[in-house]
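One structure below.
The values are calculated or read from the model by the stated rules, or taken from the named source; none is laboratory data. Model, not experiment: these values are computed from the prediction. So basically every Cβ, Gly included, is an ideal-geometry build from the backbone, and we count neighbours across all protein chains shown. What goes into the accessible areas is simple: the full protein's heavy atoms, side chains included, and nothing from ligands, DNA or RNA. Shrake-Rupley method; radii C 1.70, N 1.55, O 1.52, S 1.80 Å.
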Amino acid sequence: MNREAFRKISYGLYVVSTIQDGKFNGQIANSMFQVTSEPSTIAVSINKENLTHAYITSSRVFSVSILAEETPMTFIGLFGFKSGRDTDKFKNVKYKTGKTGAPIVLDHAVAYLEAKVIQELECGSHTIFVGEVVDYDSLGNEEPMTYAYYHTVRKGKAPKTAPTYEREDPPAAAVTTASRHICSICGYVYDPVLGDPEHDVPAGTAFEDLPADWTCPVCGAGKDQFEPEG
Ligand code: FE
């Protein structure tokens, strides 16, 4: 059996947001889909360890923002690799309050859906929440991000709590003398062979030569959070 089979499943990339006692939280999710058309229902798979899980379980409402292909990695890092337990993720983010009271992230969203939970399914590490859609809108004509685009073009990673998380094998012995560095927060690997062209760091730049204020393009962590790989 080849586990590559799982990587061939197609997904999008979304921010799932919710509320509890007036407090907002949101997280990145890829496992979201429409279940029925009449009435419109959608489902999301959320890890039980995530704060979003506790909030949805309590408030029974959530929103889904469908992210654009060109969503900055730091934005995905904010919602995907930081916990709402120690970060107010909505502080510098454009959002509106939906009909259910749940926040709806508008930054980098091409559309949104808002739902009330009508059913939930226990699935070991995750719960699948099925919601009846109570509001929705399209916000732009940009291409929505696919999970494949996030991984292959944007070099994004999955956190350990993602339903689709796969442990990566350590790379074979380094092929260059310049060392790769790994972000201890999100697992992003800075490869000097590639540089970080999105942030004007040309290919061939050693980790040590990155500007002091350079941050992880995925989660925004500082240079001091990086360790030499292997
Ligand atoms: Fe990182």
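Listed residues Ala68, Ala54; which is modelled with pLDDT of 95 or more and either closer than 17 Å to Ala158 by Cα or open to solvent by less than 30 Å² (accessible area, probe 1.4 Å) (or both)?
Residue meeting the stated conditions: Ala68.
Consider Val15 against the criteria (1) open to solvent by 10 Å² or more (accessible area, probe 1.4 Å); (2) touching a His at 6+ places or on another chain (Cβ under 9 Å): it satisfies all of them except one. Which criterion is unmet?
Status for Val15: all satisfied but (1).
Would you point out which residue out of Lys116, Lys89, Lys99 is among the charged types (D, E, K, R), closer than 29 Å to Gly220 by Cα and in contact (Cβ under 8 Å) with a residue 12 or more places away in the chain?
Going through Lys116, Lys89, Lys99 in turn, just one is among the charged types (D, E, K, R), closer than 29 Å to Gly220 by Cα and in contact (Cβ under 8 Å) with a residue 12 or more places away in the chain: Lys89.
Quick check on this structure: which one of Ser45, Ser37, Ser65 is polar (S, T, N, Q) and farther than 28 Å from Ala221 by Cα?
Just a single option satisfies the conditions, and that option is Ser37.
Looking at Phe129, Phe79, which is the one that is surrounded by 14 or more Cβ atoms within 10 Å (Cβ to Cβ), touching a Lys or Arg at 6+ places or on another chain (Cβ under 8 Å), touching a residue at least 60 places away in the same chain (Cβ under 8 Å) and among the aromatic types (Phe, Trp, Tyr)?
Testing whether each residue is surrounded by 14 or more Cβ atoms within 10 Å (Cβ to Cβ), touching a Lys or Arg at 6+ places or on another chain (Cβ under 8 Å), touching a residue at least 60 places away in the same chain (Cβ under 8 Å) and among the aromatic types (Phe, Trp, Tyr) leaves just Phe79.
Are there any pairs with C-beta distances below 9 angstrom linking a residue in the stretch 5-24 that is on the phi > 0 side of the Ramachandran plot to a residue that is in a helix (DSSP H, G or I) and modelled with pLDDT under 95, with the two at least 6 apart or on different chains, and if so which?
none
Please determine whether any residue of the stretch 87-110 is open to solvent by less than 60 Å² (accessible area, probe 1.4 Å), closer than 26 Å to Glu198 by Cα, within 16 Å of the ligand (Cβ to nearest atom) and under 13 Å from the mean Cα position of the chain (by Cα).
Yes: the stretch 87-110 contains one or more residues that are open to solvent by less than 60 Å² (accessible area, probe 1.4 Å), closer than 26 Å to Glu198 by Cα, within 16 Å of the ligand (Cβ to nearest atom) and under 13 Å from the mean Cα position of the chain (by Cα).
Under 30 Å from Ile128 (Cα atoms) and at pLDDT 85 or above: is that true of Pro197 in this structure?
Judged against the criteria, Pro197 is not a match.
What pairs can you find where one residue is in the stretch 208-226 and farther than 21 Å from Phe79 by Cα, the other is within 13 Å of the ligand (Cβ to nearest atom), and their Cβ atoms are less than 8 Å apart, with a gap of 6+ or different chains?
So the pair list comes out as Leu210/Tyr190; Leu210/Asp196; Leu210/Lys223; Ala212/Lys223.
Any residue that is among the β-branched types (Val, Ile, Thr), away from the ligand (no atom under 14 Å from the Cβ) and buried (at least 18 other Cβ atoms within 10 Å of the Cβ) - is there at least one of those in the stretch 201-214?
Yes, the stretch 201-214 contains at least one residue that is among the β-branched types (Val, Ile, Thr), away from the ligand (no atom under 14 Å from the Cβ) and buried (at least 18 other Cβ atoms within 10 Å of the Cβ).
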